[in-house]
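Heads up, the thing below is written out as structure tokens.
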Amino acid sequence: MITIAERINGMFLDVKRAIKEKNASVIHELAKRQTEAGATYLDINVGTAAADQHDAMRWLVETTQEAVKTPLAIDSQKLDVVKAGLEVAKNKVMINSSQGEPEALDIYIPLAQEHNAALICLTMNKDGVPQDVDTRVEIAATIVSKVLEHGMDMDKVFIDPIILPVNVDQKQPGYMLEVFSQIKLLSDPQPHITVGLSNFSQGTKEKSLLNRTMLIMAVAAGLDTALLDVLDQDLMDAGICAEMILNKQIYSDSFLKAARS
């Protein structure tokens, strides 16, 4: 599974404080711990930590790269902030994220190609996040069509159907599993399928249990990527185990250790 580590985000108080104080040691530690825990990418998100998000994004990217060579996911809803991060990124990179409207894709796909970057595309349009399966799949089909039109490598495309908190709408998890299954059928080769997993349990008491269970079910339905807390070892183990059961990992008595290495 491709894991995108979520903790270098200005929404967390320790990171927010580190950005304001330009305290590199906090960022270095998070970068190293998440890399050691098995992160494929480190998500870099300024959040609400700075008035000058461009400067803060550049500082976060440069500071993280001082500690590790792990690929980064430049995460912002603002295109110019994403570009600020890309300007100083030295290693393999991902852009997180583009909306699924054709106009947005015509901007973000060439930008990703220019930087040889992967791209997360949201099944979201001008009307917001769809509440049903069909509209999510229709937007996913638009994303795939635009990717083919621009000649982008499908292996660099990550479609995010946007999972909602279970305590907001309990029908949504079932919808998501159906969306995952249908996205797999849109093209060959197929795009990656991803979610921001922690959003699923936002505002709930049993966060870790909910995230583990949803991850296992999602992997069975086609999910192969997630933005998640890689420091939650039980969660990471659950994802590895799900892939092993689906024959995507080779079983041995040390299959957890083997997958992490």
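Values quoted throughout were computed directly from the atomic coordinates according to the rules given, and no laboratory measurement underlies them. Just so it is clear, the model here is predicted, and its values are computed rather than measured. Backbone-built Cβ (ideal geometry, glycine too); neighbour counts: all protein chains shown.
Of note:
- Relative contact order %, the chain, counting alpha carbon pairs below 8 Å whose residues are six or more apart: 16 percent
- Low-density loop cleavage sites - trypsin sites (Lys or Arg not before Pro) in segment 210-261, where at most 15 other Cβ are within 10 Å (DSSP): Lys248
- Dipole moment magnitude, nearest 20 debye, segment 18-69 about Cα centre, only Lys, Arg, Asp, Glu C-beta charged: 80 debye
- Considering only the chain, percent of DSSP beta bridges that pair antiparallel, nearest 5: 5 percent
- For segment 12-37, backbone nitrogen atoms closer than 20 Å to the point 7 Å from Ala51 Cα along Cα-to-C-beta are found at 16-23.
- Whole-Å semi-axes of the chain's equivalent ellipsoid (Cα gyration tensor): 26, 23, 18
- Rounded to the nearest 20 debye, dipole of segment 2-228 from Cβ charges on Lys, Arg, Asp, Glu: 780 debye
- log₁₀ of I(q)/I(0) at q = 0.18, 0.20, 0.29 Å⁻¹ - segment 1-55, Debye sum with one point per alpha carbon: -0.56, -0.67, -1.15
- The alpha-carbon of Lys92 sits under 26 angstrom from the alpha-carbons of these lysines, leaving out residues fewer than 8 places away in its chain: Lys16, Lys22, Lys32, Lys69, Lys78, Lys83, Lys146, Lys156, Lys184, Lys248, Lys257.
- Directionally averaged projected area (convex hull, Cα atoms, segment 90-216), nm²: 8.2 nm²
- Spacing of the two label points (7 Å from each Cα toward its C-beta) at Gln202 and Asn247, in nm: 3.8 nm
- Note on Leu148 and Leu79: the model spin-label points, each 7 Å out from Cα along the C-beta direction, lie 2.5 nm apart.
- For segment 1-148, alpha-carbon Rg and Dmax in angstrom: 15.7, 46
- Gaussian network model of the chain, springs between alpha carbon atoms under 10 Å - residue of Ile143, Ile19, Ile193 with greatest fluctuation: Ile19
- Segment 13-77-segment 235-261 distance, computed between alpha-carbon centres (Å): 28 Å
- Given charges at Cβ of Lys, Arg, Asp, Glu: segment 2-228 dipole, positive-most of Ser98, Ala141, Gln172: Gln172
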